[in-house]
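A.B. asks: Dropping a structure here in structure tokens format, bear with me for questions.
The values are calculated or read from the model by the stated rules, or taken from the named source; none is laboratory data. Bear in mind that the values here come from a model prediction, so they are computed numbers and not experimental data. Backbone-built Cβ (ideal geometry, glycine too); neighbour counts: all protein chains shown. Side chains included, ligands, DNA and RNA excluded: accessible areas come from the protein's heavy atoms. Shrake-Rupley method; radii C 1.70, N 1.55, O 1.52, S 1.80 Å.
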Amino acid sequence: MTPARILIIAGSDSGGGAGIQADIKAVTALQGYAMTAVTAVTAQNTLGVQAVHGLPPALIDAQIRSVLTDIGADCLKTGMLHSPEVITTVAHCIKELASDVPLIVDPVMVAQSGDRLVPQEAMQALIEHLIPRATLITPNIPEAEALLGQPIESTAGMRDAAEQLLCLGCKAVLLKGGHLRSAQLKDVLVTDGEHFEWIHERIDTTSDHGTGCTLASAIAEGVGRGLSLKHAIARGQAYLQTALREAVPLGKGHGPVNHLHTITAFKTGIIEQ
Ligand SMILES: Nc1ncnc2c1ncn2[C@@H]1O[C@H](COP(=O)(O)OP(=O)(O)O)[C@@H](O)[C@H]1O
Ligand SMILES: Cc1ncc(COP(=O)(O)O)c(N)n1
């Protein structure tokens, strides 16, 4: 089977739990082919973000161009885009080279640790240049609040907020409710004419670093292999929930999920452990 070609445009997490590293693991574990345009390098671990260095827009453009003019892509996924210039560069480049390719935008702003990764002014550029082109945006609650400029205080307000986000011009919104302190977690999908909800029991774990990146990349792999959006999200959710349940504690803070739980060859003894 030819794997789905997924181009990930996002930042690096030295700790390996979020960002590009989580994206590559999720796409690979789901049998897709992961390619990357690195936007920024972060010094980051399970405790927080110690340093951020954004790469020049021209180098980001060159990476996207290099991949798309040779290998091509079945789905694009964006994560940390650290400045308005980076956002306009990415938007122009994919308009020129991949105008028909589905685009999943994860509007990353803040790491799980609470450290800011993207300045507030980048939000406006995202609204103007990238969100109207998106097949799906996947904000968490703080990101949705920043995009809308209003608070979302309970799961009851999530559908209304997702519908308002849809008015920004994307084709669909998956609003993730992990940050609401509820026992049950709700994620809401709104498209033009359709509304759907996923409800999960909250797993009691500190291994929740990179959940948003992992979910968006798993969805990108599903869309890239030709699944419907709803099917790709359901499959991505199933993958992430098992990755949360099977996580092994690493580090002193918020550790990574277990991205590689899909690999059963070790368990069956086909490959020596
Ligand atoms: N402790 C948990 N138990 C079960 N699902 C979780 C848990 N934490 C996060 N999730 C799921 O992970 C996904 C992303 O979570 P969220 O925290 O809302 O976004 P982000 O990781 O982008 O901050 C959502 O589908 C959410 O339901
Ligand atoms: C480079 C990079 N990109 C994105 C995130 C968001 O991760 P989380 O899913 O923990 O909010 C991160 N911590 N680092």
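A.B. asks: Which members of the stretch 28-58 meet the condition of being assigned to a helix (DSSP H, G or I), more than 22 Å from P249 (Cα to Cα) and open to solvent by less than 70 Å² (accessible area, probe 1.4 Å)?
C.D. replies: P57, the sole residue that qualifies.
A.B. asks: At pLDDT 95 or above and either open to solvent by 40 Å² or more (accessible area, probe 1.4 Å) or among the polar types (S, T, N, Q) (or both): is that true of T155 in this structure?
C.D. replies: No: the conditions fail for T155.
A.B. asks: Of all residues in the stretch 203-218, which are within 16 Å of ligand 2 (Cβ to nearest atom) and not aliphatic (A, V, I, L, M)?
C.D. replies: Within the stretch 203-218, T205, T206, S207, D208, H209, G210, T211, G212, C213, T214, S217 meet the criteria.
A.B. asks: A follow-up question, please. Restricting attention to the stretch 202-244, and to residues there that are in contact with a helix residue (DSSP H, G or I) (Cβ under 8 Å, 6 or more places away or on another chain), of a type in the set (S, T, Y) and outside any helix (DSSP H, G or I), which single residue is least open to solvent (accessible area, probe 1.4 Å)?
C.D. replies: Per the criteria, the residue is S207.
A.B. asks: Quick one: how many residues across the stretch 248-264 are touching a Pro at 6+ places or on another chain (Cβ under 7 Å) and closer than 18 Å to R202 by Cβ?
C.D. replies: Looking only at that region, the number is 1.
A.B. asks: Which numbered condition in (1) more than 16 Å from ligand 2 (Cβ to nearest atom); (2) over 17 Å from R133 (Cα atoms); (3) assigned to a loop (DSSP other than H, G, I, E, B) is the only one that D61 fails?
C.D. replies: Looking at each condition in turn, D61 falls short on (3).
A.B. asks: What are the residues in the stretch 62-97 that are more than 20 Å from the chain's Cα centre (by Cα) and either acidic (D, E) or at pLDDT below 95 (or both), if any?
C.D. replies: Answer for the stretch 62-97, where residues must be more than 20 Å from the chain's Cα centre (by Cα) and either acidic (D, E) or at pLDDT below 95 (or both): D70, E85, E96.
A.B. asks: In the stretch 137-152, which residue that is part of a loop (DSSP other than H, G, I, E, B) and open to solvent by 50 Å² or more (accessible area, probe 1.4 Å) is nearest to ligand 2 (Cβ to nearest atom)?
C.D. replies: Checked the stretch 137-152; the qualifying residue nearest to ligand 2 (Cβ to nearest atom) is P151.
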